[in-house]
Amino acid sequence: MTRRKLALLTGLALLAFAGNSLLCRAALRESQIDAASFTAMRLCSGALVLYLLVRARPGLPAGQGSWASALALFAYAAAFSFAYLSLPAGTGALLLFGAVQASMIAWGYIKGERLRGLQLAGLTLAIGGLVGLLLPGLSAPPLVGSLLMIGAGVAWGAYSLRGKGAGDPTRVTAGNFLRTVPMALLLSALTLSQARVDAAGTAYAVASGAITSGLGYALWYGALPALRSSTAATLQLSVPVIAAVGGIVLLGEPPTLRLLLAALAILGGIGLVIRSR
């Protein structure tokens, strides 16, 4: 793969990941769709696109996913949607990716990896940034939404850890998305009395599932083999920044000094851990 193609695939994938936050926040703020319906439409449309991609590429290596991974994927998607009922796009993306990386670092520590020097300093800085972001105050994000997004990040971290060595990433992701469909339909059934759907919300949800989730993951997995693991992890730290800029430019969300300082601490701290490993 040429460097230009690698840069293009990587850039498009990172834009897609940030786009998930922007689309979800826009849908729940500017349309009538409810969080459960958004989640169901996102997962179903993502499953369809990934299924079609796998069918179009029959030479892919083996891999089919699992129900445990699908449950983690569903938990991420549901908590993500309900969190964005109250969180701005940039704050949500920062909490999400901070929780993803922190949970994976914590799991490595439990499994015997030890942090030293800059790694320990980086983790301390990241935790301090997270605490500072959530401390009570006029510019603090809503606590319930923040806790939901942190939970979404932990679920995504668990999903990522389970995916290591599970087979071809595209096939595995397609299999896991397909398994989330009955879970998503059950969630919709349980919240049927509160269901609200309109054309704009449906368009946002389908775009989130088909484009920024399904195609976004396919692009990322296409680029991932050519990237060093530390480089890939570091590049993902740009997603909250892209989402925050998108939220300001496209959704009119006001920037705050608290968010800026927290982003510098969380992303800078995690970056130190990743680069020092």
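Picking from 126, 121, which residue would you name as being of a type in the set (Gly, Ala, Ser), over 22 Å from the mean Cα position of the chain (by Cα), farther than 30 Å from residue 171 by Cα and surrounded by 14 or more Cβ atoms within 10 Å (Cβ to Cβ)? Even if it seems obvious, please write down each step before you answer.
Working: 126 fails: over 22 Å from the mean Cα position of the chain (by Cα).
Being of a type in the set (Gly, Ala, Ser), over 22 Å from the mean Cα position of the chain (by Cα), farther than 30 Å from residue 171 by Cα and surrounded by 14 or more Cβ atoms within 10 Å (Cβ to Cβ) holds for just one of 126, 121, which is 121.
Filter the stretch 1-45 down to the residues that are farther than 22 Å from residue 176 by Cα and of a type in the set (Val, Ile, Thr) and list them by number.
Residues satisfying the conditions are 2, 10, 33.
Six or more apart or on different chains, Cβ under 8 Å: which pairs go from a residue in the stretch 112-129 that's among the aliphatic types (A, V, I, L, M) to one that's part of a loop (DSSP other than H, G, I, E, B)? Could you list them?
Every condition considered, the pairs that remain are 123/115.
Identify the residue in the stretch 29-43 that is of a type outside the set (Gly, Ala, Ser) and within 13 Å of residue 78 (Cα to Cα) and, among all such residues, is farthest from the chain's Cα centre (by Cα). Break it down into steps so the answer makes sense when it comes.
First pass over the stretch 29-43, keeping only residues of a type outside the set (Gly, Ala, Ser): 29-30, 32-34, 38-39, 41-43.
From what's left, within 13 Å of residue 78 (Cα to Cα): 34, 38-39, 41-43.
Values: 34: 19, 38: 15, 39: 13, 41: 16, 42: 13, 43: 13 Å.
Checking each candidate, the answer is 34.
Quick check on residue 102: is it closer than 17 Å to residue 275 by Cα, at pLDDT 80 or above and within 20 Å of the chain's Cα centre (by Cα)?
Details: closer than 17 Å to residue 275 by Cα: yes; at pLDDT 80 or above: yes; within 20 Å of the chain's Cα centre (by Cα): yes.
The answer is yes for residue 102.
So in the stretch 40-74, with the set limited to residues that are surrounded by 15 or more Cβ atoms within 10 Å (Cβ to Cβ) and in a loop (DSSP other than H, G, I, E, B), which one is modelled with the highest pLDDT? Working first, answer last.
The first filter runs over the stretch 40-74 and keeps only residues surrounded by 15 or more Cβ atoms within 10 Å (Cβ to Cβ), leaving 40-51, 53-54, 60, 63-66, 69-74.
Among the residues that remain, those that are also in a loop (DSSP other than H, G, I, E, B) are: 60, 63-66.
On the way: 60: 60, 63: 62, 64: 78, 65: 81, 66: 89.
Per the stated criteria, the residue is 66.
Residues checked against (1) of a type in the set (Phe, Trp, Tyr); (2) more than 14 Å from residue 69 (Cβ to Cβ); (3) in contact with a His (Cβ under 7 Å, 6 or more places away or on another chain):
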residue	(1), (2), (3)
161	no, no, no
176	no, no, no
193	no, yes, no
196	no, yes, no
201	no, yes, no
221	yes, yes, no
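I'd like the residue in the stretch 1-27 that is in a helix (DSSP H, G or I), over 17 Å from the mean Cα position of the chain (by Cα) and not basic (Lys, Arg) and, out of all such residues, is surrounded by the most Cβ atoms within 10 Å (Cβ to Cβ). Steps first, answer last, please.
Restricting attention to the stretch 1-27, the residues satisfying the condition of being in a helix (DSSP H, G or I) are 3-27.
Checking which are over 17 Å from the mean Cα position of the chain (by Cα) leaves us with 3-9.
Keeping just the survivors that are not basic (Lys, Arg) gives 6-9.
On the way: 6: 15, 7: 11, 8: 13, 9: 20.
Taking the candidates together, the pick is 9.
The values are calculated or read from the model by the stated rules, or taken from the named source; none is laboratory data. All of these numbers come straight from a predicted model, not from anything done at the bench. Note that we place each Cβ from the backbone using ideal geometry, even for glycine, and neighbour counts take in every protein chain shown.
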